[in-house]
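K.L.:
Before we start, here is the structure in question, set down as C-alpha coordinates.
The values are calculated or read from the model by the stated rules, or taken from the named source; none is laboratory data. No experiment lies behind these values; they were computed from the predicted model shown. With ideal geometry, Cβ positions are generated from the backbone for all residues, glycine too; neighbour counts draw on all protein chains shown. Heads up: the accessible areas ignore ligands, DNA and RNA and are worked out on the full protein's heavy atoms, side chains in. Shrake-Rupley method; radii C 1.70, N 1.55, O 1.52, S 1.80 Å.
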Amino acid sequence: MLSVEGLRSRYGRIEVLHGVDLEVGSGEIVTVVGANGAGKTTLLRCISGVQPASGGAIIFRGEALKAIPAHRRVALGLSQSPEGRLIFTNLTVEENLRLGAYLFADERVERDMADAFAMFPILKEKRNLPAGGLSGGQQQMLAIGRALMARPACLLLDEPSMGLAPILVAQIFDVVKNLKSLGVTVLLVEQNAYAALRIADRGYVMETGRIGFSGTAEELIADPRIREAYLGI
Ligand code: ATP
(Lines give C-alpha, C1' and ligand atoms only; values in the text may rest on other atoms or scores of the structure.)
Protein backbone atom coordinates (compact mmCIF):
# COMPACT_ATOMS: atom_id res chain seq x y z
CA MET A 1 0.00 0.00 0.00
CA LEU A 2 2.79 2.39 0.97
CA SER A 3 6.36 2.22 -0.13
CA VAL A 4 9.14 4.59 0.89
CA GLU A 5 12.30 4.35 -1.18
CA GLY A 6 15.62 6.03 -0.39
CA LEU A 7 13.83 8.90 1.36
CA ARG A 8 15.96 11.88 2.31
CA SER A 9 14.89 15.02 4.14
CA ARG A 10 16.63 18.02 5.63
CA TYR A 11 16.06 20.98 7.91
CA GLY A 12 18.00 23.78 6.23
CA ARG A 13 21.44 22.39 5.47
CA ILE A 14 21.18 19.53 7.93
CA GLU A 15 20.03 16.24 6.48
CA VAL A 16 18.11 14.16 9.05
CA LEU A 17 16.81 11.30 6.86
CA HIS A 18 19.64 9.68 4.92
CA GLY A 19 17.83 7.27 2.61
CA VAL A 20 15.01 5.46 4.36
CA ASP A 21 13.39 2.37 2.83
CA LEU A 22 10.15 1.03 4.24
CA GLU A 23 7.08 -0.91 3.10
CA VAL A 24 3.59 -1.06 4.56
CA GLY A 25 1.31 -3.74 3.14
CA SER A 26 -2.45 -3.43 3.02
CA GLY A 27 -4.02 -4.38 6.37
CA GLU A 28 -0.74 -4.39 8.26
CA ILE A 29 0.23 -2.59 11.44
CA VAL A 30 3.81 -1.52 10.90
CA THR A 31 5.77 0.31 13.56
CA VAL A 32 8.85 2.50 13.39
CA VAL A 33 10.62 2.61 16.73
CA GLY A 34 13.81 4.33 17.76
CA ALA A 35 15.34 6.83 20.11
CA ASN A 36 14.39 10.44 20.51
CA GLY A 37 15.67 12.42 17.51
CA ALA A 38 16.20 9.42 15.21
CA GLY A 39 13.93 10.97 12.57
CA LYS A 40 10.67 9.11 13.08
CA THR A 41 8.47 12.20 13.14
CA THR A 42 10.26 13.63 10.11
CA LEU A 43 9.56 10.40 8.24
CA LEU A 44 5.82 10.59 8.99
CA ARG A 45 5.69 14.27 8.11
CA CYS A 46 7.33 13.55 4.74
CA ILE A 47 4.75 10.85 4.05
CA SER A 48 1.82 13.12 4.93
CA GLY A 49 3.44 15.93 2.93
CA VAL A 50 3.93 18.61 5.57
CA GLN A 51 7.72 18.21 5.42
CA PRO A 52 9.47 18.23 2.01
CA ALA A 53 11.57 15.27 0.92
CA SER A 54 14.92 16.16 -0.61
CA GLY A 55 15.39 12.78 -2.30
CA GLY A 56 13.89 9.36 -2.84
CA ALA A 57 10.28 8.45 -3.46
CA ILE A 58 7.04 7.78 -1.59
CA ILE A 59 4.53 5.63 -3.44
CA PHE A 60 1.01 5.29 -2.05
CA ARG A 61 -1.44 2.89 -3.72
CA GLY A 62 0.68 2.99 -6.86
CA GLU A 63 0.90 6.77 -7.04
CA ALA A 64 4.12 8.77 -6.54
CA LEU A 65 3.37 11.45 -3.94
CA LYS A 66 6.22 13.84 -4.71
CA ALA A 67 4.17 16.47 -6.50
CA ILE A 68 1.02 15.97 -4.43
CA PRO A 69 0.42 18.51 -1.62
CA ALA A 70 -0.55 17.39 1.89
CA HIS A 71 -4.26 18.18 1.61
CA ARG A 72 -4.59 16.08 -1.54
CA ARG A 73 -2.81 13.18 0.15
CA VAL A 74 -5.66 13.11 2.69
CA ALA A 75 -8.10 12.72 -0.19
CA LEU A 76 -6.00 9.80 -1.47
CA GLY A 77 -6.47 8.00 1.86
CA LEU A 78 -3.54 9.08 4.04
CA SER A 79 -4.38 10.68 7.34
CA GLN A 80 -2.09 11.64 10.21
CA SER A 81 -2.58 11.85 13.94
CA PRO A 82 0.31 14.18 14.71
CA GLU A 83 2.86 14.19 17.50
CA GLY A 84 1.55 16.37 20.34
CA ARG A 85 -2.04 15.73 19.14
CA LEU A 86 -2.54 19.32 17.85
CA ILE A 87 -6.21 19.40 18.66
CA PHE A 88 -8.12 22.67 18.52
CA THR A 89 -8.50 23.47 22.21
CA ASN A 90 -11.12 26.22 21.79
CA LEU A 91 -13.39 24.04 19.68
CA THR A 92 -15.64 21.37 21.14
CA VAL A 93 -14.85 17.69 20.93
CA GLU A 94 -17.50 17.27 18.23
CA GLU A 95 -16.21 20.23 16.22
CA ASN A 96 -12.70 18.73 16.29
CA LEU A 97 -14.06 15.45 14.97
CA ARG A 98 -16.01 17.23 12.23
CA LEU A 99 -12.83 18.96 11.09
CA GLY A 100 -11.36 15.54 10.38
CA ALA A 101 -14.24 14.99 7.95
CA TYR A 102 -13.75 18.27 6.11
CA LEU A 103 -13.59 16.42 2.79
CA PHE A 104 -17.08 15.02 3.13
CA ALA A 105 -20.59 16.42 3.23
CA ASP A 106 -22.57 13.19 3.16
CA GLU A 107 -24.67 11.32 5.71
CA ARG A 108 -21.79 8.94 6.40
CA VAL A 109 -20.14 11.68 8.50
CA GLU A 110 -22.76 11.10 11.22
CA ARG A 111 -22.12 7.34 11.10
CA ASP A 112 -18.38 7.93 11.30
CA MET A 113 -18.95 10.19 14.29
CA ALA A 114 -21.04 7.46 15.96
CA ASP A 115 -18.22 4.99 15.26
CA ALA A 116 -15.68 7.35 16.84
CA PHE A 117 -17.93 7.69 19.91
CA ALA A 118 -18.32 3.91 20.10
CA MET A 119 -14.55 3.56 19.99
CA PHE A 120 -14.03 6.27 22.63
CA PRO A 121 -17.23 6.60 24.74
CA ILE A 122 -15.70 9.35 26.90
CA LEU A 123 -15.62 11.60 23.81
CA LYS A 124 -19.37 11.18 23.45
CA GLU A 125 -19.89 12.25 27.05
CA LYS A 126 -17.79 15.34 26.42
CA ARG A 127 -18.88 16.04 22.86
CA ASN A 128 -20.11 19.58 23.56
CA LEU A 129 -17.24 20.64 25.81
CA PRO A 130 -14.11 22.51 24.71
CA ALA A 131 -11.42 20.00 23.74
CA GLY A 132 -8.88 21.97 25.79
CA GLY A 133 -10.49 20.61 28.95
CA LEU A 134 -9.80 16.97 28.06
CA SER A 135 -7.06 15.01 29.80
CA GLY A 136 -3.95 14.02 27.82
CA GLY A 137 -5.30 10.55 27.14
CA GLN A 138 -8.67 11.89 26.03
CA GLN A 139 -6.95 14.38 23.72
CA GLN A 140 -5.02 11.50 22.19
CA MET A 141 -8.28 9.64 21.62
CA LEU A 142 -9.68 12.76 19.99
CA ALA A 143 -6.63 13.10 17.71
CA ILE A 144 -7.03 9.49 16.58
CA GLY A 145 -10.81 9.89 16.18
CA ARG A 146 -10.32 13.03 14.12
CA ALA A 147 -7.78 11.30 11.86
CA LEU A 148 -10.22 8.41 11.35
CA MET A 149 -13.00 10.83 10.35
CA ALA A 150 -10.98 11.40 7.14
CA ARG A 151 -11.71 7.71 6.26
CA PRO A 152 -8.07 6.82 5.78
CA ALA A 153 -6.88 3.69 4.04
CA CYS A 154 -3.62 4.24 5.91
CA LEU A 155 -3.44 5.97 9.28
CA LEU A 156 -0.14 7.62 10.25
CA LEU A 157 0.10 7.66 14.03
CA ASP A 158 2.84 9.64 15.72
CA GLU A 159 3.67 8.73 19.35
CA PRO A 160 0.17 8.03 20.61
CA SER A 161 1.57 6.91 23.98
CA MET A 162 3.50 10.12 24.65
CA GLY A 163 2.94 11.44 28.17
CA LEU A 164 0.21 8.93 29.02
CA ALA A 165 -0.16 6.79 32.13
CA PRO A 166 0.42 3.06 31.47
CA ILE A 167 -3.28 2.16 31.75
CA LEU A 168 -4.16 4.69 29.05
CA VAL A 169 -1.29 3.52 26.87
CA ALA A 170 -2.76 0.02 27.00
CA GLN A 171 -6.21 1.36 26.12
CA ILE A 172 -4.93 3.39 23.16
CA PHE A 173 -2.87 0.47 21.84
CA ASP A 174 -5.90 -1.83 22.07
CA VAL A 175 -7.80 0.60 19.87
CA VAL A 176 -4.93 0.75 17.37
CA LYS A 177 -4.78 -3.04 17.25
CA ASN A 178 -8.52 -3.17 16.58
CA LEU A 179 -8.24 -0.78 13.64
CA LYS A 180 -7.01 -3.76 11.69
CA SER A 181 -10.44 -5.37 11.88
CA LEU A 182 -11.93 -2.14 10.46
CA GLY A 183 -9.65 -2.49 7.44
CA VAL A 184 -7.40 0.43 8.34
CA THR A 185 -3.68 0.00 7.66
CA VAL A 186 -1.50 1.63 10.32
CA LEU A 187 1.99 3.09 10.30
CA LEU A 188 2.80 3.70 13.96
CA VAL A 189 5.80 5.72 15.13
CA GLU A 190 6.71 5.10 18.77
CA GLN A 191 9.42 5.53 21.35
CA ASN A 192 7.58 2.98 23.48
CA ALA A 193 9.06 0.17 21.40
CA TYR A 194 7.77 -2.77 23.40
CA ALA A 195 4.14 -1.63 23.46
CA ALA A 196 4.30 -0.85 19.73
CA LEU A 197 5.93 -4.15 18.72
CA ARG A 198 3.40 -6.11 20.76
CA ILE A 199 0.55 -4.96 18.53
CA ALA A 200 2.49 -4.65 15.24
CA ASP A 201 2.93 -7.18 12.45
CA ARG A 202 6.31 -5.82 11.45
CA GLY A 203 8.72 -3.20 12.66
CA TYR A 204 11.61 -0.99 11.66
CA VAL A 205 14.19 0.37 14.05
CA MET A 206 15.38 3.83 13.11
CA GLU A 207 18.82 5.02 14.13
CA THR A 208 19.88 8.60 13.28
CA GLY A 209 18.09 8.92 9.98
CA ARG A 210 18.52 5.34 8.78
CA ILE A 211 16.77 2.04 9.27
CA GLY A 212 19.05 -0.08 11.47
CA PHE A 213 16.97 -3.24 11.77
CA SER A 214 13.71 -4.54 10.39
CA GLY A 215 11.71 -7.71 10.72
CA THR A 216 8.53 -9.19 12.01
CA ALA A 217 7.51 -7.90 15.41
CA GLU A 218 8.33 -11.31 16.95
CA GLU A 219 11.80 -11.30 15.39
CA LEU A 220 12.54 -7.83 16.70
CA ILE A 221 11.24 -8.58 20.20
CA ALA A 222 13.43 -11.71 20.26
CA ASP A 223 16.60 -10.02 18.95
CA PRO A 224 19.10 -9.60 21.81
CA ARG A 225 20.47 -6.31 20.39
CA ILE A 226 17.01 -4.80 20.21
CA ARG A 227 16.07 -6.16 23.62
CA GLU A 228 19.05 -4.51 25.19
CA ALA A 229 19.05 -1.20 23.32
CA TYR A 230 15.34 -0.53 22.88
CA LEU A 231 13.26 -2.78 25.09
CA GLY A 232 15.22 -2.44 28.31
CA ILE A 233 15.18 -6.22 28.76
P1 ATP B 1 11.00 12.47 18.69
O2 ATP B 1 10.55 11.18 19.20
O3 ATP B 1 11.68 13.33 19.69
O4 ATP B 1 9.96 13.22 17.90
P5 ATP B 1 12.04 11.60 16.21
O6 ATP B 1 12.70 10.28 16.04
O7 ATP B 1 10.63 11.72 15.79
O8 ATP B 1 12.18 12.10 17.68
P9 ATP B 1 12.54 13.91 14.59
O10 ATP B 1 11.62 14.75 15.40
O11 ATP B 1 12.11 13.51 13.25
O12 ATP B 1 12.95 12.61 15.42
O13 ATP B 1 13.95 14.66 14.52
C14 ATP B 1 15.04 14.18 13.73
C15 ATP B 1 16.16 15.20 13.79
O16 ATP B 1 15.75 16.40 13.16
C17 ATP B 1 16.57 15.59 15.21
O18 ATP B 1 17.98 15.73 15.22
C19 ATP B 1 15.88 16.90 15.43
O20 ATP B 1 16.63 17.72 16.32
C21 ATP B 1 15.86 17.50 14.04
N22 ATP B 1 14.69 18.38 13.82
C23 ATP B 1 13.40 18.02 13.99
N24 ATP B 1 12.57 19.04 13.67
C25 ATP B 1 13.37 20.07 13.31
C26 ATP B 1 13.14 21.42 12.87
N27 ATP B 1 11.89 21.90 12.73
N28 ATP B 1 14.22 22.19 12.59
C29 ATP B 1 15.47 21.71 12.71
N30 ATP B 1 15.78 20.45 13.11
C31 ATP B 1 14.75 19.65 13.40
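K.L.:
What is the Rg over Rh value, at two decimals, for the range 1-149, using alpha-carbon atoms and the Kirkwood definition of Rh?
P.N.:
Checking Rg against Rh, the ratio lands at 1.00.
K.L.:
Note the angle between two axes, namely the Cα long axis of helix 136-148 and the longest principal axis of the Cα atoms of the chain, as a number of degrees from 0 to 90, rounded to the nearest 10.
P.N.:
Roughly 90 degrees, rounded to the nearest 10.
K.L.:
Right, here's the next one. According to the square roots a ≥ b ≥ c of the eigenvalues of the Cα gyration tensor, what is the shape class of the range 74-142, taking rounded for a/c under 1.5, prolate for a/b larger than b/c otherwise, and oblate for the remainder?
P.N.:
On the way: a/c = 1.73, a/b = 1.27, b/c = 1.36.
Oblate, since a/c reaches 1.5 and b/c is not below a/b.
K.L.:
Work out how much length E219 to Q191 would gain on full extension: take 0.36 nm times their residue separation and subtract the Cα-Cα distance, in nm to one decimal.
P.N.:
Contour length minus the Cα-Cα distance gives 8.3 nm.
K.L.:
Among Q80, V30, G19, which residue has its Cα furthest toward the positive end of the charge dipole of the range 2-86, with +1 on Lys/Arg Cβ and -1 on Asp/Glu Cβ?
P.N.:
Value: Q80.
K.L.:
With each pseudo-label sitting 7 Å past Cα toward Cβ, what's the A75-E125 distance in nm, one decimal?
P.N.:
According to this spin-label approximation, the distance is 4.0 nm.
K.L.:
About the Cα centre of the range 98-233, what is the dipole size in debye to 20, counting +1 per Lys and Arg Cβ and -1 per Asp and Glu Cβ, all else neutral?
P.N.:
260
K.L.:
While we're here: Suppose every K and R has +1 on its Cβ and every D and E has -1 on its Cβ; what is the size of the dipole of the chain about the Cα centre, in Debye to the nearest 20?
P.N.:
Around 460 debye, computed over the chain.
K.L.:
Give me the percent of the accessible area of the chain that comes from carbon and sulfur atoms, probe 1.4 Å, all protein chains in place.
P.N.:
Roughly 52 percent of what the probe reaches on the chain is carbon or sulfur.
K.L.:
While we're here: Grab the other residues whose beta carbon is less than 11 angstrom from that of D112, score K and R as +1, D and E as -1, and report the net.
P.N.:
On the way: positive: R98, R108, R111, R146, R151; negative: D106, E107, E110, D115.
Around D112, the charge tally is +1.
K.L.:
Can you give the accessible area per residue of the chain, in Å², using a 1.4 Å probe?
P.N.:
46
K.L.:
Right, next: Where Lys and Arg each count +1 and Asp and Glu each count -1, what net charge lies around I68 among other residues with Cβ under 15 Å from its Cβ?
P.N.:
Local net charge: +4.
K.L.:
Over the range 175-233, calculate the relative contact order: mean separation of alpha carbon pairs under 8 Å at least 6 apart, over the residue count, as a percent. Kindly include the intermediate steps, with their values, before the conclusion.
P.N.:
Working: 48 pairs, mean separation 14.0, N = 59.
Normalised by residue count, the contact order of the range 175-233 is 24 percent.
K.L.:
Among I68, P52, A143, whose Cα projects farthest towards the positive end of the dipole of the range 21-145, with charges put on the beta-carbon of Lys, Arg (+1) and Asp, Glu (-1)?
P.N.:
Going by the charge dipole, the pick is P52.
K.L.:
If ligands, DNA and RNA are left out, what is the accessible area of T216 with a 1.4 Å probe, given in Å² to the nearest 10?
P.N.:
Surface accessible to solvent at T216 totals approximately 50 Å².
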